[in-house]
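Scroll down for the structure; my scribbles are underneath it.
The values are calculated or read from the model by the stated rules, or taken from the named source; none is laboratory data. Bear in mind the structure is a predicted one, so any value in this text is a computation, not a measurement. Counting neighbours? That spans all protein chains shown, and the Cβs are built from the backbone with ideal geometry, glycine included. The accessibility values were calculated without ligands, DNA or RNA, using every heavy atom of the protein model including side chains. Shrake-Rupley method; radii C 1.70, N 1.55, O 1.52, S 1.80 Å.
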Amino acid sequence: MSGAAHEHDDALSTASPNGPDEMGRELAEGPQAVVSTLVEVERLRPGLTQLLDGAGRIVLVGTGASLAMARVSAPVWRARLPRGTDLLVRQASEAVLGDADGWQGEPSDLIVAISQAGSSPETLAAARQAGAIGGPVLAVTASPNSPLAASSTLTCLVASGREHGASTKSALATLAALLAIAGALSTDAAVRAAIGLRLRGIVDTWESAISAGRSLADARQTWFLGFGPGLGIAEAGALLWHEKVARQAAAVTPSEFRHGPIEAAGSDDAVILVDIDPPDARRDAYLERLRAELGELDVAVVELRPDPGDLERRALAAFWRVQQLSRATPLAAGTYRDGFSVLRKVVTPANDLLD
C-alpha cells in the first residue's frame, strides 16, 4: 500500500461517529433535528390540516436534496391523500423557466416549497409564482427569516440550524417533516422518542459503515437502485456521492438498470441497493434475479434493508445509512473535503435571472 493510501485509510480509521470532519459533526446532530422537527409539525397541525383540506392538488417543489426528499415522500403522500386529491412533484426550475413540463398552476393548488436555506432562487421563484395567482404556499425550511418563509402562507421550520457542507441533518429532518405533514408519521411523544432512539442507534453503527465505505472506495461508478421511496433515497445518495465522494454515480430503478445501464457496469463498479418496501414475493424474486446478474458481472453490491417496521421509519433509517456511506467512502478513498470546491466558487445563484 502506498503512503497516500495509508493516509487515506488513516482518515477513515481515525474518524468517529461525530467527527472531526464537518459532515460527521452534522450527521451526529441528525437524530435531534428529526425529533425537534416532529415537535414543530405537531405544533402546526391545525394550520396544516386547514391547508391540506382546502387543496385541490398538492405540489411538492424543490431542487437538489430538497427535491430528492420530495420524491422519497411522494408515494407515501399519495397513499394517504383522500381519493381525488392529486399529488405532483416538480423540479423548481421547471415551474418557472417556461413551464418546460407543460404543467399549469391553479389557485387551488397547495405548493409545498422545500428549501433548507429558504433562499434557493428557483424554489423561491416557484413559491412567488404560486402566490401571484392566489395559491397557498407551505414553506418547509430551516430558516425562519428567509425569503421563502416571508413568501409563504405557513412555514414549517426544519430544526437543523445552519449547515456548511452537504445537506445531511436538514435533508433527514425535511424527510421526517414531509412524512409527518402527510400524516404518515406520528408526532406524539412516544413515537418521537422511538425514532430518535433508532436513529441514534444507527449513529452508533459507524463501524459497519467503515467496512462498507472501504468496499466502495475504489468503485469507478456507483449505481444507486431503488423502487418507489427507495428511488428517492437513491437519487439523494447519487447527489451526495457527487458532492462528497467526487465520483460518478447514477440513480435508477432496478428495472431501468437491467434494461440498458447494466451494459456499462463492470467489475470496477458498485451497486447500492435500497430496499425499504414491505415484503413482496414477486419483488423479492425480481431483486434476487438482479443479484445473480450482478454476481455474473462481478459487481460489488451493498444492500440497505433496514430492520422491519413501518415504511416511514425504514425510509428515515435507510437514508441515514446512505448519508453515513457518503461520508465513509470519501474518507476511505481520500476524496473527502469539507464544504464545496466548485459549488461555492463557480456556480452563480440565479436570483438575477428569476426575479
Compute the Cα gyration tensor for region 299-339, then decide on rounded, prolate or oblate, letting a ≥ b ≥ c be the square roots of its eigenvalues: rounded whenever a/c is under 1.5, prolate when a/b is larger than b/c in the other cases, and oblate in all that remain.
oblate
Taking the simple approach of a point 7 Å from Cα along Cα-to-Cβ for both Arg162 and Arg305, what is their distance in nm?
4.4
Which of Phe319, Gly54, Asn351, positive extreme of dipole for the chain (C-beta unit charges)
Gly54
Counting other Cβ atoms within 10 Å, which trypsin sites (Lys or Arg not before Pro) in region 31-94 have at most 16 and lie in a DSSP loop?
Arg83
With springs only between Cα atoms under 10 Å apart, run a GNM on the chain and tell me which of Ala68, Ala125, Ala79 wobbles the most.
Ala79
R0 = 25 Å: FRET efficiency of Asp338 with Ser119, Cβ-based, nearest 0.05?
0.75
Read phi for every residue in region 71-81 and hand back ³J(HN,Hα) as whole Hz from Karplus 6.51 cos²θ - 1.76 cosθ + 1.60, θ = phi - 60°, with x for Gly and Pro.
6, 5, 7, 4, x, 5, 4, 4, 6, 9, 6
How big is the accessible area of Leu354 in square angstrom, nearest 10, if you roll a 1.4 angstrom probe over the protein chains?
40
Please report, in cubic angstrom per residue, the volume enclosed by the convex hull of the alpha-carbon atoms of the chain.
141
For a paramagnetic label modelled at 7 Å from the Cα of Gln50 toward its Cβ, which residues of region 176-191 fall within the zone defined by backbone nitrogen distances under 20 Å?
181-183
Among Leu175, Leu81, Leu304, which one moves the most in a GNM of the chain with springs linking Cα atoms closer than 10 Å?
Leu81
Per residue of region 226-242, in order, report the coupling 6.51 cos²θ - 1.76 cosθ + 1.60 (Karplus, θ = phi - 60°) as ³J(HN,Hα) in whole Hz, putting x for Gly and Pro.
x, 9, x, x, x, 5, x, 5, 4, 5, 5, x, 5, 5, 4, 4, 5
Alpha carbon centroid spacing (whole Å) that separates region 42-72 from region 312-332
24
For the chain, percent of DSSP beta bridges that are antiparallel (nearest 5) comes out at 5
To the nearest Å, what is the center-to-center distance of region 134-158 and region 254-276, using C-alpha atoms only?
38
Just to be sure I understand the model, the point goes 7 Å from the Cα along the line to the Cβ. What's the resulting Thr253 to Ala193 distance in nm?
4.1
In percent, how large is the relative contact order of the chain, given Cα pairs closer than 8 Å and 6 or more residues apart?
21
Which of Ala249, Ala238, Ala132 ends up with the largest GNM mean-square fluctuation for the chain, with Cα atoms connected below 10 Å?
Ala132
Where the chain is the region considered: accessible area per residue in Å², 1.4 Å probe
43
Using eta = 1.002 mPa s and T = 20 °C, Stokes-Einstein with Kirkwood Rh from Cα pairs puts D for region 243-355, in µm² s⁻¹, at 128
Counting only helical runs of four or more DSSP H residues, what would the 222 nm mean residue ellipticity of the chain come to if each run contributes -39,500 (n - 2.57) and the total is spread over all its residues?
-15500 deg cm²/dmol
Heavy atoms only, probe 1.4 Å: what % of the accessible area of region 76-147 goes to carbon and sulfur, would you let me know?
48
Long-range amide H partners of Arg57 with built H, under 5 Å
Asp109, Leu110
Between Ser13 and Ala281, what is 0.36 nm times their sequence separation minus the Cα-Cα distance? Round to one decimal in nm.
92.5 nm
Pairwise label distance in nanometres, Val346 with Ile133, each label 7 Å out on the Cα-Cβ vector:
3.6
Could you calculate, for region 19-108, the ratio of the Cα radius of gyration to the Kirkwood radius, expressed as Rg to Rh?
1.05
